[in-house]
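Notes follow once the structure below has been shown.
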Amino acid sequence: MGFYEDQILPRGIDLVMRGREVGRLRARATAGLTGRVLEIGFGSGLNVPHYPPGLSRVWAVDPATVGRRLAAKRVAASPVPVTYIGLDAQVIPLDDASVDRVLSTWTLCTVPDVRTALAEVRRVLRPGGALHFVEHGRSPDPKVARRQDRFNPVQRRLFGGCHVNRPIDQLIAGAGLTLTGMKTFYLSGPRILGFTFEGVAAKP
């Protein structure tokens, strides 16, 4: 990871992803979390203020080391203990079936090998556990999807490998997780960036 991706980009994302609309989605995604939670793409800890009371632990994974400094005040103010355990969602250093819930917000777009990461998510989830997610991705509108495909190389260069055209629902289902509830919609702003998947997927 270069200086831009490790030091500059996380600061920009921390500023951009604080909006009211995004905050409502964070609150909904975290509302059903229970027990032992793994958050992939922890970043600057913007989900921490939304954690529900009673969580026993959160394990955090994120590749940008500057994110830990940006998250420090949020983590310190949280009653939920947060432990950093790694940099890569493709190799999660937890035992099989050791996690009750996994949280992913605007992360699956960026993981280089998203299928491997989702296989790891399934591995660490206990049977009956679930992935809670909010992700942007491929629009079902063919015109928007074509624009996403054309714009994707630019997006990846500017935003640390972020893809705007991944079919998030198909990827999650293909990992062997069952979508028990999902809604899709556009966030305000450009449609090529804003098509959103929000939901829960359970491990059978």
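Just so it is clear, none of the values below were taken in a lab; they were calculated from the coordinates. Here the structure is a predicted model, which is why all the values come from computation and not from measurement. Cβ coordinates were reconstructed from backbone atoms using ideal geometry, including for glycine residues, and neighbour counts include every protein chain displayed.
Observations on the model:
- Over segment 8-57, equivalent-ellipsoid semi-axes from the Cα gyration tensor in Å: 21, 13, 7
- Rg/Rg_ref, segment 3-202, where Rg_ref = 2.2 N^0.38 Å and atoms are Cα: 0.95
- The percentage of C-alpha pairs in segment 1-116 whose separation is greater than 23 Å is 24%.
- Gain upon complete extension [VAL16, ARG126; 0.36 nm per residue less C-alpha separation]: 36.2 nm
- Debye intensity ratio in log₁₀ form over the Cα atoms of segment 116-170, taken at each q of 0.13 Å⁻¹: -0.44
- With the gyration tensor restricted to C-alpha atoms of segment 75-177, the semi-axes of the equivalent ellipsoid amount to 27, 16, 12 Å, longest first.
- Listed residues PRO53, GLY35, THR65: farthest to the positive end of the dipole of the chain (Cβ charges): PRO53
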